[in-house]
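Everything below concerns the one structure shown next.
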Amino acid sequence: MGRAAAHLFAREGAKLVGCDINPQSAQAVVDEVSAAGGTMLSLHPCDLTDPAQAQALIDRAIDAFGRIDVLYNNAAMAYFGWIDEMPIDDWYKTINEEVHIVYLLTRAAWPHLKASKGAIVNTASVSAHTTFKTLPGIAHSTAKGGIVAMTRHLAMEGAPFGVRANSLSPGVIETNQTRPLLEDKNWADYMLGRTLMHRLGQPEEIANVALFLASDESSFITGVDIVADGGTLAW
Ligand SMILES: NC(=O)c1ccc[n+]([C@@H]2O[C@H](COP(=O)([O-])OP(=O)(O)OC[C@H]3O[C@@H](n4cnc5c(N)ncnc54)[C@H](O)[C@@H]3O)[C@@H](O)[C@H]2O)c1
């Protein structure tokens, strides 16, 4: 989804600063965006759960462009398991890599967002709002519920400075992680049956929501979570 957003934001004329803990995929996105005529640099490897590395990413952006107008907190990693089977360490890792990761980068970017009256877009999940019997996601649901609450709080703290903060909650999106699961008939029948549209979402459909929340088109929207789930929460 970050890759799709990089392409879309670059086509809109944004100057992008990306990052990834995985240097190969980060460099691939920089190369693709640059080849398409976009402006993108990246800090990689960069582990956003480390406060110093989160700060280094913000410093890189300021060194290169002098300001930050949009912070899109999309990177995350979750660990799944049923409550009594999941190693306790996986609980802590999920909270760290889905919640702390957003807090740390937002904290580092905050002075620059106040200066620019910027916009924060956080990635939550439909798992903040519902459960799936095929998904042992107790830590993930908890973390993403935290993102919705953190976003509301950021909106309150940011409003006096003209900073907007919103989250988006993707439903099940077709990515490298979910595509192989579609071959499991039980998984696919249940998950597709949970969407009114009877399909998975595409990363580009989430990037469109991120773009809207990042742009002046959403100038009177702050503190909300926009759900893009093909109708999962509607029934
Ligand atoms: N795939 C889905 O169906 C789905 C549904 C709802 C929400 N989400 C959320 O959407 C976001 C993007 O998910 P995706 O499916 O594109 O995932 P993905 O795994 O394809 O991409 C996430 C990227 O974040 C990077 N990353 C992970 N931990 C990092 C760290 N500590 N520091 C820096 N980079 C790190 C990974 O290397 C990866 O490139 C995540 O926040 C995820 O929780 C995904």
### Task
Report the full-extension gain for the segment Glu12 to Thr134: residue separation times 0.36 nm, less the Cα-Cα distance, to one decimal in nm.
40.2 nm
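In units of 2.2 N^0.38 Å, what is the alpha-carbon radius of gyration of the chain? Numbers along the way, then the final one.
Values: Rg = 17.4 Å, N = 235, 2.2 N^0.38 = 17.5 Å.
It is 0.99.
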### Charge dipole (debye, nearest 20) of the chain; +1 at Cβ of Lys and Arg, -1 at Cβ of Asp and Glu
540
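Could you tell me the relative contact order of the chain? Use alpha-carbon pairs under 8 Å, at least six residues apart, and round to a whole percent.
Working: 418 pairs, mean separation 47.3, N = 235.
This gives 20 percent for the chain.
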### Message
Nearest 10 degrees is fine. How inclined is helix 203-214 to the longest principal axis of the chain, computing both from alpha carbons?
### Response
40
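With r as the distance between the Cβ atoms of Gln202 and Asp50 and R0 = 45 Å, compute the FRET efficiency 1/(1 + (r/R0)^6) and round to 0.05.
On the way: r = 32 Å, r/R0 = 0.70.
Efficiency at R0 = 45 Å is approximately 0.90.
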### Query
For the pair Phe161 and Trp82, how long in nm is the line joining their label points, each one 7 Å along Cα→Cβ?
4.6
### Query
Binned at 10 Å from 0, what are the whole-percent values of the Cα-Cα distance distribution for the range 133-235, short to long?
14, 38, 32, 14, 2, 0
### Task
Enter the Cα centre distance for the pair the range 136-202 and the range 1-54, rounded to the nearest angstrom.
21
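Can you list which of the trypsin sites (Lys or Arg not before Pro) found in the range 84-133 are DSSP loop residues with at most 10 other C-beta atoms within 10 Å? Numbers along the way, then the final one.
Numbers: sites: Lys93, Arg107, Lys114, Lys117, Lys133; in loops: Lys117, Lys133.
Sites meeting the loop and neighbour criteria: Lys133.
Out of the chymotrypsin sites (Phe, Trp or Tyr not before Pro) in the range 11-88, which ones are loop residues according to DSSP with at most 10 other C-beta atoms within 10 Å? All intermediate terms of the calculation are to be shown ahead of the outcome.
On the way: sites: Phe65, Tyr72, Tyr79, Phe80, Trp82; in loops: Tyr79, Phe80, Trp82.
Here the chymotrypsin sites (Phe, Trp or Tyr not before Pro) that fit, given the DSSP loop and packing criteria, are Trp82.
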#### Entry: Furthest towards positive pole of dipole, His129, Leu105, Ser218, structure part the chain, Cβ charges
Ser218
### Summary
Residue separation between Asp63 and Leu192 times 0.36 nm, minus their alpha-carbon distance, gives in nm 41.9 nm
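Readers should treat all values here as calculations from the given coordinates under stated rules, not as data from a laboratory. Quick caveat, the model's predicted, so the values are computed rather than measured. All Cβ positions, even for glycine, are placed from backbone atoms using ideal geometry, and neighbour counts span all protein chains on display.
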